[in-house]
Amino acid sequence: MNDDETAVADLRGTATPTLVVSITLTDANGLTESTTATTAGDGSWIADDVFAGTTLADGPIRIFAQVTDAYGNVASDTKNTTLDTVTIVTIDPVSTDDVFTPAEAQALEVTGTGEPGSTVTLTVSEQGPGGASVSESAQVSSAGLWSITLSVDTLSPGLLDFDVAALDPAGNSNSTSSTVTFDGNPITITIDDPLAGNNVVNENEENAVDISGDTLAGARVTVTIIDSANNRVGPVRVTADSLGNWVVEDVDLGGLVDGPLTIVAVAVDSVGNRADASAPSSRIL
């Protein structure tokens with residue numbers, strides 16, 4: 001018996017006409033609730049809405065009905081039912097911190113907990129009237145876990161509503177929601193050119209070369225310099241300033257062989273968006 005059914009569930013039976021039927025409901029904890037019904041002339045009786053407002057615990061319920069006639073004769077009957085009025089559902093933080101990137105949006109995994117056997121439907125919606133949405137459903141495992149992977153890259157970046165609705169095998173429903181940020185801001189990175197003023201690093205400059213460029217403010221920048229023999233300097237890490245400028249100062253290139261150099265710079269923002277650039281024309285003499 002689910003939550004909706006408790007509001008309208010009737011008990012019916014038969015007994016000697018005109019007798020009062022005493023009905024007792026008992027849950028697994030021993031808590032009881034009682035009501036009565038009067039047997040009609042045809043021997044039928046009905047107790048209306050006996051579970052409405054019940055405080056009995058979910059689980060097995062013993063229904064005991066008894067009548068006593070004017071001579072003290074007693075008759076009784078017992079039936080058992082199951083009360084299942086509650087289901088649960090939760091949603092875990094999406095992508096650990098409720099922020100995800102365009103790369104993650106192509107196959108975004110969303111997880112949570114629920115009642116085993118329940119059906120969970122996840123709807124991801126843009127906020128505001130007429131916002132687009134996508135939905136997927138899954139079943140809660142025997143361990144009480146659910147997982148849905150869906151593509152949300154067709155939705156506009158910004159705040160998105162993640163609404164989860166659960167329906168358990170008994171017909172009970174529950175829902176929960178969270179607000180998640182789709183960080184779609186593109187991140188780029190550039191390397192200033194020419195290097196060392198003329199794209200040629202001489203022996204007087206090779207021990208203290210500055211490499212600079214532009215990216216998103218606050219992005220973490222990693223710079224690696226590679227020569228033609230695949231010798232490397234770096235990675236060297238810096239953080240772009242509030243204007244997006246970054247600079248790696250006094251880089252020592254003295255250990256690299258003469259010839260072409262490749263400078264590789266990678267920028268990553270606070271939510272994991274990534275951009276890279278390379279400058280393959282610098283030389284060391």
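The values are calculated or read from the model by the stated rules, or taken from the named source; none is laboratory data. As the structure is a computational prediction, the values presented were derived from the model and not from experiment. Glycine also receives a Cβ, built like all others from the backbone with ideal geometry; neighbour counts cover every protein chain displayed.
Return yes when Val140 is free of Cβ contacts under 8 Å to residues at least 60 places away in the same chain, β-branched (Val, Ile, Thr), under 28 Å from Gln106 (Cβ atoms) and in contact with a helix residue (DSSP H, G or I) (Cβ under 6 Å, 6 or more places away or on another chain) and no when it is not.
Working: free of Cβ contacts under 8 Å to residues at least 60 places away in the same chain: yes; β-branched (Val, Ile, Thr): yes; under 28 Å from Gln106 (Cβ atoms): yes; in contact with a helix residue (DSSP H, G or I) (Cβ under 6 Å, 6 or more places away or on another chain): no.
No; evaluated as a whole, the condition is false for this residue.
Please state which one of Ala138, Ala143 is at pLDDT 95 or above and part of a loop (DSSP other than H, G, I, E, B). Write out each step before concluding.
Numbers: Ala138 fails: part of a loop (DSSP other than H, G, I, E, B).
None of the other options fit; the residue is Ala143.
Got a number for residues in segment 5-38 being of a type in the set (S, T, N, Q), surrounded by 13 or more Cβ atoms within 10 Å (Cβ to Cβ) and closer than 19 Å to Thr85 by Cβ?
3
Of the residues Gly171, Gly130, Gly158, which single one is touching a helix residue (DSSP H, G or I) at 6+ places or on another chain (Cβ under 7 Å) and on the phi > 0 side of the Ramachandran plot? Write out each step before concluding.
On the way: Gly130 fails: touching a helix residue (DSSP H, G or I) at 6+ places or on another chain (Cβ under 7 Å); Gly158 fails: touching a helix residue (DSSP H, G or I) at 6+ places or on another chain (Cβ under 7 Å).
Selected residue: Gly171, the only one of Gly171, Gly130, Gly158 that is touching a helix residue (DSSP H, G or I) at 6+ places or on another chain (Cβ under 7 Å) and on the phi > 0 side of the Ramachandran plot.
Can you tell me which residue in segment 200-234 is nearest to Asp269 (Cα to Cα), limited to those that are without any contact (Cβ under 8 Å) to a residue 40 or more places away in the chain, over 35 Å from the mean Cα position of the chain (by Cα) and surrounded by fewer than 15 Cβ atoms within 10 Å (Cβ to Cβ)?
Arg232
Which of the following residues is closer than 18 Å to Ile148 by Cα, among the polar types (S, T, N, Q) and part of a strand (DSSP E or B): Thr96, Thr123, Thr81? It would help to see each step written out before you state the result.
Details: Thr96 fails: part of a strand (DSSP E or B); Thr81 fails: closer than 18 Å to Ile148 by Cα.
That would be Thr123, the only listed residue that is closer than 18 Å to Ile148 by Cα, among the polar types (S, T, N, Q) and part of a strand (DSSP E or B).
So, in segment 253-280, of the ones that are among the acidic types (Asp, Glu) and surrounded by fewer than 20 Cβ atoms within 10 Å (Cβ to Cβ), which residue ends up modelled with the highest pLDDT?
Of all residues in segment 253-280, those among the acidic types (Asp, Glu) come to 258, 269, 276.
Then drop every residue that is not surrounded by fewer than 20 Cβ atoms within 10 Å (Cβ to Cβ), which leaves 258, 276.
Numbers: Asp258: 87, Asp276: 90.
My answer is Asp276.
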